[in-house]
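Q: I'd like to ask some things about the structure below.
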Amino acid sequence: MPKSPDDLEALKEERAAADRAYNDALTRLDRAIQRLPVDFPQPPPVPDEHQVSPLNTLWKIVAPPAGGLRRGMIAGVRRAVAPLFEQQQAFNAAVVDHVNRSVPVARETRASIDTTLTVLRDTIAELVRFQSLLVEFLQQVTPYVDTRDRDVAGLLRGLSGAINAVADEVLKRSEATLVRDGRHEMRVEALEAALAALRDELAALQRRGRHDA
């Protein structure tokens, strides 16, 4: 059933509104594409191991050797301060042990943070790339649909032309058939008229024959 002008105008406005809504949504999506931060965090610096080697060599307290007349006095002093030296040396040993244990942990922690940041940066970069490709794909939807519409319209025009050509040919053949039928009817009518004339003439001859007899 053909559409009225009002229906066609309503369809046109509906299509225009749909196009505007699609373009607005596409613009919002394009603006929402993530960006890799310029100030992306960097891994922490490597552990400061500058004093590790000196600590491992200087932690142990070594008293100077006593000699001469002062040997007895130094030995007495050593005995007096021995607990303090032992406590200090135990503290030094604990500090050095803690430092030696902390260095590998600090190295692994930094390496783990560095790896995590690399994975995070690469993941965000891939996500940004995917979003950009998605927007590019959606930007091609409208031209693709328009191309398909034009293709379908072209096919419909071609089909309509073919139908019209067939209809014209059928009409021509119908007209030719009607003309032939008309000619046939005229011939039949002429033949019937000739036969009627012959019958009349034969009847007239018969009447004359009976009259002459």
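Q: Given labels modelled 7 Å from the Cα in the Cβ direction, how far is it in nm from Ala197 to Leu84?
A: Taking the two extended label points, one gets 16.7 nm.
Q: Computed FRET efficiency, Cβ-Cβ of Arg121 and Asn56, R0 41 Å: what is it to the nearest 0.05?
A: 0.65
Here, each number is a calculation from the coordinates, and none is a lab measurement. All of these numbers come straight from a predicted model, not from anything done at the bench. Methodologically, a virtual Cβ is constructed for each residue, glycine included, from the backbone with ideal geometry; neighbour enumeration extends over all protein chains shown.
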